[in-house]
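Engineer: First the structure, then my questions, so here it is.
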Amino acid sequence: MKEMSRIVKTVTNFVYGFIIVFGFYIIAHGHLTPGGGFQGGAVVGSAFALLLVSYGSLNSKKFLEKDIFSLFEGFGLILFIVLGFSGLGITFFYNFLANSGGWFGNAAVIGVNPGDMNTGGVIPLMNIAVGLEVLSAFGVIIITMARGAEFTKKKENS
Amino acid sequence: MKKIIFGIAFIIFFSFLIVSAINMRTFGEPTISQMDDYFIKNAQSETGANNVVTSIVFDYRGFDTLGEATVLFTAVVGLVALFRGVKK
Amino acid sequence: MNLANHIPILIIAIPLLAAFLVPLITRINKKSSGILTTLALSVSLLLTILLAVKILTVGPQVYVFGATSPSLVLPSGLKFPIRIMLEIDAMSIFMGLITAIVSFLGAVYSLSFTEKYDGVDKYYSLLLLLTVGMFGMELTGDIFNFFVFLEIASIASVALISFRGIDFGEPAEAGFKYMIVSSISALMVLFAIGIFYGQYDLLNFAALASVIKYSQLDKIALGLLIPVLAMKAGTVPMHMWTPDAYSEAPAPITMILVAASQASLYALFRVVFSLYNISLNALTVGWIIIIFGLLSMFIGVTMAIIQKDIKRLMAYHAISQTGYMLLGVGVGLAVLANPEALKNYGITAMEGGIFHIMNHAMYKGLLFLTAGALFFRTGTRDLNKMGGLAHYMKYTTIFFIIGAAAIAGLPPFNGFASKLLIYESVYKFNPLLSIIAMVVSILTLASFVKVFHSAFLGPKLPQFKEVKETPRSMIFAMAVLSCIIILFGLFPDLIVKNLVHPAVMSLIEQLQYTGTVMGGM
Amino acid sequence: MIGNLPYVAVVMFVGLGIYTLMFKRNLIKIAIGICLIENGVNLFLITLGYRKGAIAPIYTQAPSGQAMVLPTPQALTLTSIVIGIATTALILSVAMMIYKHYGTLDTEKVRRLRG
């Protein structure tokens, strides 16, 4: 894919950081505000799509290499299933951190409340794990399909 | 010939849909909402999360979300397997 | 913290964990992905056997996710379950056993089958995910969870079918066709879930079964579910994907795909028997399933005889054998209403049908593995090009004979045991059906004699001079399958009495299924 | 009848999707058909969970005293949307593969494996 014009690239350079931070905001506040792991991961994924479209290939920004994404994806998923396993003392997906006073543990005020980050037990951790997995899944999908489109098109006109 | 069979199948299927749309209950009033009322009432106390939907997605029906993440992981591994020969 | 009452979830979670670890571990050392997969699948095979013994002695098990105790089904003072739960009774663990055996042997077989492949860790990861999808479909007691695992199995099998799609055209096309079929079926299952949820606000199989009123909408949901799940199982009017998918996928994957399509057959029985049971007029639905079965049997065999490609021929036989299962269980369903007819031949028909699922998974798997062995050594699947392979590949020939005899229903093998049950009970129900079944069985034998002659017998062909026997791991997988076939063939009543009969009973008695969850209401 | 307008929209979506699947020959159009049905079924799930005049089931700074919408369909639709992404990504990449090998996207010419 050929690159876009200079203006688009400069705007992308400026904007993509904010999109990624906004995506992480949605992931982190999944248990308070609308959103969560999947939606936040999709927002960060859209930042990668923006980079791909404007730069023509994602790894022009050195840190966005394909195998970094698959590494992140592996870690995200393993963190998620380990969280599931860790509740195994009682049952598989048991929320052992909820209302336990520890990390993310204090009980939420019943009824309408301004929202306290430290509630929700395992849910914020799972949000982060799924968010990590979804954003890296989007990264890998975008790169692979863009490169695959190049590969299949090349065959046709060569 | 194939077109006629497909046409008949399409009409039958479309009539299935229309009948189900007509006698499904009216739009805004859920007749039974016992399970959801339980979630709305107890989500905060049991899981501590303000967002009831997230508490369902990750705590009450967490196994679905594990299956969900696996679906996405399968699609990604399948894609990478499909385009593994491509060297940009 | 004893792990004994966590077995149901460990069967699914351990292969899943292995599937996530395989891509990471192969970054460290290349050869370990096959061993890790075989290890994980052997653990889940062991756990399935343990669980089967426990279920056949104690009775249906329930495993609730996230509750304070694995069997806390109804939280205090509620009359409906709110969490996802695995509900395992004799029928689902019967299917679980098939999945466990077939996937373990598939992994062992592909240890040496995929030597020449690149990207082997992705192959094993997808194989594990396909197994997890099938286990999930069979063990879960929640309809939406069933949809999610149906989707995992479909996507994993599409990726595996088009695994060799990078250098040949056909696997990509077969994968595309299978993807369209499984997308439509998954979406229509979701539509039916929407209908159930809209009316009863419940997502649990057993809770729905105890509340369902077979209203106009439920008829539509049933009308959607039966053709869609039958399409996934490969019955005739919608069987377009089966020959392409089975012949283009690598041989061990085809074996697991056969068990995967039987998992959606199990889902069809679960919907018809446990969800609707008495409330639907059993005769008409029974006859619909019988007609599906007859069509599949007859068209499957007639298409099979004219095939040149060995795996396409076996794929068509898979369709016709699925017809037997549908016939057996359809007869059982048709007489569900009047108990005395059910007693004298309905139950034996269902036992024949369900026992045939296990037998079919075994001998069809063996046949596909032998076809894979031929492809592995000769590189071709076309029957006309093959010949005189018996001289070089002794063991494969023996395994092929065992498989062909079992599929044709010759006495000492397991095919005969289940087909006999089907013949005698269907004869009492309607003589014409069982005559058709016998004719189809003879045609099957005819087509396999043709395959045996053109592939194995005949003079030593020059181009196969350097062909030697298949490697040990492939021989081991095929040997285990043939032992199972012979074991089931010699002691059929032992298997039927304490494995198949409880499965049939758990399907027929809806109360037993709903009782475990709704507390014997 | 006006009350059930969303269900009519659902029927239109799924009907159009099935129509494109059955009668269109281009692979990409078939992929679009699958997406259409996908959105139709998701819309159907969401419309089941609406309660007239209710707000989203989130307790952070919510206007108190209002009924809340049913949360479960939203959880189901979230899962179904992600499954839609996975299927669409796979369908399109397999279609690319077919285009690479057969050079055409027309199902009539691609179908070499007849019968």
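Engineer: Under 6 Å by Cβ, and 6 or more places apart or on different chains, what pairs join a residue from the stretch C:260-280 that is under 17 Å from C:ALA207 (Cα atoms) with one that is aromatic (Phe, Trp, Tyr) and surrounded by 23 or more Cβ atoms within 10 Å (Cβ to Cβ)?
Structural biologist: Partner pairs satisfying both residue conditions: C:SER274/C:TYR513.
Engineer: A further question follows. If I filter the stretch D:1-48 down to residues being facing another protein chain (nearest Cβ under 7 Å) and polar (S, T, N, Q), which single residue comes out as nearest to B:ALA21 (Cα to Cα)?
Structural biologist: The qualifying residue nearest to B:ALA21 (Cα to Cα) is D:ASN4.
Engineer: Give all pairs with beta carbons closer than 9 Å in which a residue from the stretch C:197-211 that is over 16 Å from C:GLU87 (Cα atoms) meets a residue that is among the charged types (D, E, K, R); count only pairs at least 6 apart in sequence or on separate chains.
Structural biologist: If the second residue must be among the charged types (D, E, K, R), the pairs left are C:GLY198/B:ARG25; C:GLN199/B:ARG25; C:GLN199/C:LYS213; C:GLN199/C:ASP218; C:TYR200/C:LYS213; C:ASP201/B:ASP36.
Engineer: Would you call C:LYS213 over 23 Å from C:GLU170 (Cα atoms) and not in a helix (DSSP H, G or I)?
Structural biologist: yes
Engineer: Here's another thing I want to ask about it. Go through (1) surrounded by fewer than 20 Cβ atoms within 10 Å (Cβ to Cβ); (2) within 14 Å of chain B (Cβ to nearest Cβ); (3) under 30 Å from A:ALA107 (Cβ atoms) and name the single condition A:GLY56 misses.
Structural biologist: That leaves (3) as the condition not met.
Engineer: As an exercise: evaluate D:ALA95 against (1) among the small types (Gly, Ala, Ser); (2) farther than 22 Å from B:THR54 by Cα; (3) more than 9 Å from chain C (Cβ to nearest Cβ) and give the number of the one condition it does not meet.
Structural biologist: (3)
Engineer: So which residues in the stretch B:23-57 are part of a helix (DSSP H, G or I), more than 7 Å from chain D (Cβ to nearest Cβ) and either of a type in the set (Asp, Glu) or without any contact (Cβ under 8 Å) to a residue 12 or more places away in the chain (or both), if there are any at all?
Structural biologist: Of everything in the stretch B:23-57, those that are part of a helix (DSSP H, G or I), more than 7 Å from chain D (Cβ to nearest Cβ) and either of a type in the set (Asp, Glu) or without any contact (Cβ under 8 Å) to a residue 12 or more places away in the chain (or both) turn out to be B:GLN34, B:ASP37, B:TYR38, B:LYS41, B:ASN42, B:SER45, B:GLU46, B:THR54.
Engineer: Filter the stretch A:32-42 down to the residues that are surrounded by 23 or more Cβ atoms within 10 Å (Cβ to Cβ) and out of contact with any strand residue (DSSP E or B) (no Cβ under 6 Å at 6 or more places or on another chain), then identify the one that is farthest from the other protein chains (Cβ to nearest Cβ).
Structural biologist: My answer is A:GLY40.
Engineer: Output yes when any residue across the stretch C:465-478 is of a type outside the set (Ser, Thr, Tyr) and on the phi > 0 side of the Ramachandran plot, and no when none is.
Structural biologist: Within the stretch C:465-478 (the criterion being of a type outside the set (Ser, Thr, Tyr) and on the phi > 0 side of the Ramachandran plot), the answer is no, since none of the residues qualifies.
Engineer: Another question, if that's okay. Only residues that are among the polar types (S, T, N, Q) and more than 8 Å from every other protein chain (Cβ to nearest Cβ): list them for the stretch A:87-105, please.
Structural biologist: A:SER100, the sole residue that qualifies.
Engineer: OK, next. Do any residues in the stretch C:400-425 that are outside any helix (DSSP H, G or I) have Cβ atoms under 6 Å from those of residues that are among the β-branched types (Val, Ile, Thr), where the two are at least six apart or on different chains, and which pairs are they?
Structural biologist: Within 6 Å, the pairs are C:PHE413/C:ILE485.
Engineer: Against the definition (closer than 18 Å to C:ILE14 by Cβ and assigned to a helix (DSSP H, G or I)), how does C:LEU105 come out, yes or no?
Structural biologist: Taking the combined requirement at face value, the residue satisfies it.
Engineer: When the stretch A:108-136 is examined, which residues are found to be touching a residue at least 60 places away in the same chain (Cβ under 8 Å) and either of a type in the set (Lys, Arg) or at the interface with chain D (Cβ under 9 Å from one of its Cβ atoms) (or both)?
Structural biologist: Selection gives A:GLY115, A:VAL134.
Engineer: Moving on. Suppose the filter is at pLDDT 85 or above, more than 7 Å from chain C (Cβ to nearest Cβ) and buried (at least 16 other Cβ atoms within 10 Å of the Cβ); does B:VAL76 pass it?
Structural biologist: Yes: the conditions hold for B:VAL76.
Residue-by-condition table, conditions (1) farther than 29 Å from C:LYS116 by Cα; (2) crowded, with 19+ Cβ neighbours inside 10 Å; (3) within 14 Å of chain A (Cβ to nearest Cβ); (4) modelled with pLDDT of 85 or more:
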position: C:ASN5; (1), (2), (3), (4): yes, no, yes, no
position: C:PRO23; (1), (2), (3), (4): no, yes, yes, yes
position: C:LYS31; (1), (2), (3), (4): no, no, no, no
position: C:ILE82; (1), (2), (3), (4): yes, yes, yes, no
position: C:ALA90; (1), (2), (3), (4): yes, yes, no, yes
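Engineer: Could you look through the stretch C:441-473, keep only residues that are of a type in the set (Val, Ile, Thr) and part of a helix (DSSP H, G or I), and pick out the one that is surrounded by the most Cβ atoms within 10 Å (Cβ to Cβ)?
Structural biologist: Within the stretch C:441-473, the match that is surrounded by the most Cβ atoms within 10 Å (Cβ to Cβ) is C:THR444.
Engineer: Also: Taking the stretch C:145-173 as the region of interest, how many residues are part of a helix (DSSP H, G or I) and either more than 7 Å from every other protein chain (Cβ to nearest Cβ) or surrounded by fewer than 24 Cβ atoms within 10 Å (Cβ to Cβ) (or both)?
Structural biologist: 12
Engineer: Let me ask something additional. Only one of (1) part of a helix (DSSP H, G or I); (2) more than 9 Å from chain D (Cβ to nearest Cβ); (3) buried (at least 18 other Cβ atoms within 10 Å of the Cβ) fails for A:GLY148. Which number is that?
Structural biologist: (2)
Engineer: Also, I was wondering about something else. Looking at A:ILE81 and the list (1) under 30 Å from B:ASP64 (Cα atoms); (2) surrounded by 14 or more Cβ atoms within 10 Å (Cβ to Cβ); (3) touching a residue at least 40 places away in the same chain (Cβ under 8 Å); (4) among the hydrophobic types (A, V, I, L, M, F, W, C), which single condition is not satisfied?
Structural biologist: So A:ILE81 meets the others, but not (3).
Engineer: Right, here's the next one. Return yes or no: is C:ALA18 at pLDDT 90 or above and either among the small types (Gly, Ala, Ser) or surrounded by 21 or more Cβ atoms within 10 Å (Cβ to Cβ) (or both)?
Structural biologist: yes
Engineer: Can you tell me how many residues in the stretch C:175-190 are facing chain D (nearest Cβ under 7 Å) and surrounded by 24 or more Cβ atoms within 10 Å (Cβ to Cβ)?
Structural biologist: Here the count works out to 6.
Engineer: Right, next: Please tell me if A:LEU51 is surrounded by 15 or more Cβ atoms within 10 Å (Cβ to Cβ), touching a helix residue (DSSP H, G or I) at 6+ places or on another chain (Cβ under 8 Å) and over 30 Å from B:PHE63 (Cα atoms).
Structural biologist: Yes: the conditions hold for A:LEU51.
Engineer: Hey, could you check the stretch C:310-325 for residues that are more than 19 Å from C:ALA251 (Cβ to Cβ), touching a Gly at 6+ places or on another chain (Cβ under 6 Å) and hydroxyl-bearing (Ser, Thr, Tyr) and say which is surrounded by the most Cβ atoms within 10 Å (Cβ to Cβ)?
Structural biologist: For the stretch C:310-325, the residue satisfying everything is C:THR322.
Engineer: Examine the stretch C:370-382 for a residue that is among the charged types (D, E, K, R) and either over 18 Å from C:ILE310 (Cα atoms) or modelled with pLDDT of 90 or more (or both), and state whether such a residue exists.
Structural biologist: Within the stretch C:370-382 (the criterion being among the charged types (D, E, K, R) and either over 18 Å from C:ILE310 (Cα atoms) or modelled with pLDDT of 90 or more (or both)), the answer is no, since none of the residues qualifies.
Engineer: Let me ask something else. Would it be correct to say that C:MET438 is in a helix (DSSP H, G or I) and surrounded by fewer than 17 Cβ atoms within 10 Å (Cβ to Cβ)?
Structural biologist: Against the criterion (in a helix (DSSP H, G or I) and surrounded by fewer than 17 Cβ atoms within 10 Å (Cβ to Cβ)), C:MET438 qualifies.
Engineer: For the stretch D:64-80, does any single residue satisfy the condition of being over 30 Å from A:PRO114 (Cα atoms) and more than 9 Å from chain B (Cβ to nearest Cβ)?
Structural biologist: yes
Engineer: Let me ask something additional. Can you spot a residue in the stretch B:5-17 that is among the hydroxyl-bearing types (Ser, Thr, Tyr), part of a helix (DSSP H, G or I), more than 9 Å from chain C (Cβ to nearest Cβ) and buried (at least 19 other Cβ atoms within 10 Å of the Cβ)?
Structural biologist: Scanning the stretch B:5-17 turns up no residue that is among the hydroxyl-bearing types (Ser, Thr, Tyr), part of a helix (DSSP H, G or I), more than 9 Å from chain C (Cβ to nearest Cβ) and buried (at least 19 other Cβ atoms within 10 Å of the Cβ).
The values are calculated or read from the model by the stated rules, or taken from the named source; none is laboratory data. Only a predicted model underlies this, so the values are computations on that prediction, with no experimental measurement involved. Methodologically, a virtual Cβ is constructed for each residue, glycine included, from the backbone with ideal geometry; neighbour enumeration extends over all protein chains shown.
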